[in-house]
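Have a look at the structure below, then the notes.
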Amino acid sequence: MDQAITRRRALGYGGAGVAAALLGSAAWAPPAEAAGTYRSGWGNAVFEDDFSGSSLSSSRWNVRDRTYLSHDWSTISAANVAVSAGALKLTARKLASPVTTSDGRRREWSGAEVNTLGKFSLEHGRWEVRAKMPAAPNRSVGLWAAVWLRPDDGSVPGEVDIVETYGSKSSQAKTKFDPTSRAETTVHFNQRRTGSLHGWSPGGTDIYSRWNTWAVEKTPAGVRGFFNGEKILDVPSGTAAYRAAFPAGKKLNLRISFQVGNSYWGRPTAATASGQSMELDYVRVWKHQG
């Protein structure tokens, strides 16, 4: 997700207490069931959540609340995070009363974010999610959902987006490309709209009402992205840009976010349906065995 360093500052809607909560230092221990999740060539999972309970595990996840981001048009609310029917659900809702935040932006929607910052991070591994994305045609303009990785050291510019969607085609978009029912996997070398390499899921794929699987493998050789087992992105590590973005020894934490409005892909319209969710059936992470 572009501009993440700038965009993901918690700009004070909830104050210093929120920032402290987001940076909790409790160590995460793999659940017993993770030991049984073996993947050939990768071994046992080192982090896993199948969302089988009725609430999100506080030992694994931080839930952001009463904050906002600088590059969208929504606030962040913990009330939009739920676990039910074996899935994690992040929902975007239109607010009954718009909120004007301290940056002067009028925000008419609320979204959500959960992350593993301070609880689990990894330098090299395979991250895999099975998900439904909020990208239904003609009713999802401006809905911006993603599962992504950022280095724990916020000064490092690199980012890996496992899956990111932008909703239905918007007349406000600064591109003729139609992202409807498409999902993007990206490696960002910086936090601007330059220096990024992208891969897209095939057009015409139902990513909003059927489960699909996205994965990235980050190894010393580089980053590869997969959609339903098919490779859609291959970024080698041998360039100066890659080494600057992902210095040796820097671990990445996992973030799941549902934002509303994007200056590049467009903002919601009257046709955008409130109450749509990004759903995750599972998250699994394996450590690189090299």
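The values are calculated or read from the model by the stated rules, or taken from the named source; none is laboratory data. Everything numeric in this text was worked out from a predicted model, so none of it was measured. Backbone-built Cβ (ideal geometry, glycine too); neighbour counts: all protein chains shown. We work out accessible area using only protein heavy atoms, side chains counted, and drop any ligands, DNA or RNA first. Shrake-Rupley method; radii C 1.70, N 1.55, O 1.52, S 1.80 Å.
The table that follows gives values for the structure above.
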item: Qualifying residue in the range 236-250 (condition: assigned to a strand (DSSP E or B) and closer than 28 Å to ILE76 by Cβ); result: no
item: Candidate set from the range 169-198 (those that are among the hydroxyl-bearing types (Ser, Thr, Tyr) and out of contact with any strand residue (DSSP E or B) (no Cβ under 8 Å at 6 or more places or on another chain)); member that is most open to solvent (accessible area, probe 1.4 Å); result: THR194
item: Test for ALA136: is it open to solvent by less than 20 Å² (accessible area, probe 1.4 Å) and either more than 17 Å from the chain's Cα centre (by Cα) or among the hydroxyl-bearing types (Ser, Thr, Tyr) (or both); result: yes
item: Within the range 155-202, tally of residues that are part of a strand (DSSP E or B) and on the phi > 0 side of the Ramachandran plot; result: 0
item: The range 211-233, residues that are closer than 15 Å to TRP42 by Cβ, assigned to a strand (DSSP E or B) and of a type in the set (A, V, I, L, M); result: ALA215, VAL216
item: Every residue from the range 77-98 that is open to solvent by less than 40 Å² (accessible area, probe 1.4 Å) and without any contact (Cβ under 8 Å) to a residue 40 or more places away in the chain; result: SER77, ALA78, VAL81, VAL83
item: Of the criteria (1) loosely packed, with under 15 Cβ neighbours inside 10 Å; (2) assigned to a loop (DSSP other than H, G, I, E, B), which one TYR208 fails; result: (1)
item: Which numbered condition TYR264 misses (of (1) of a type in the set (Phe, Trp, Tyr); (2) more than 22 Å from LEU280 (Cβ to Cβ); (3) modelled with pLDDT of 95 or more); result: (3)
item: Lone qualifier among GLY142, GLY118, GLY154 - being crowded, with 20+ Cβ neighbours inside 10 Å, under 18 Å from the mean Cα position of the chain (by Cα) and not basic (Lys, Arg); result: GLY142
item: Residues of the range 35-63 classified as among the hydroxyl-bearing types (Ser, Thr, Tyr) and not in a loop (DSSP other than H, G, I, E, B), total; result: 1
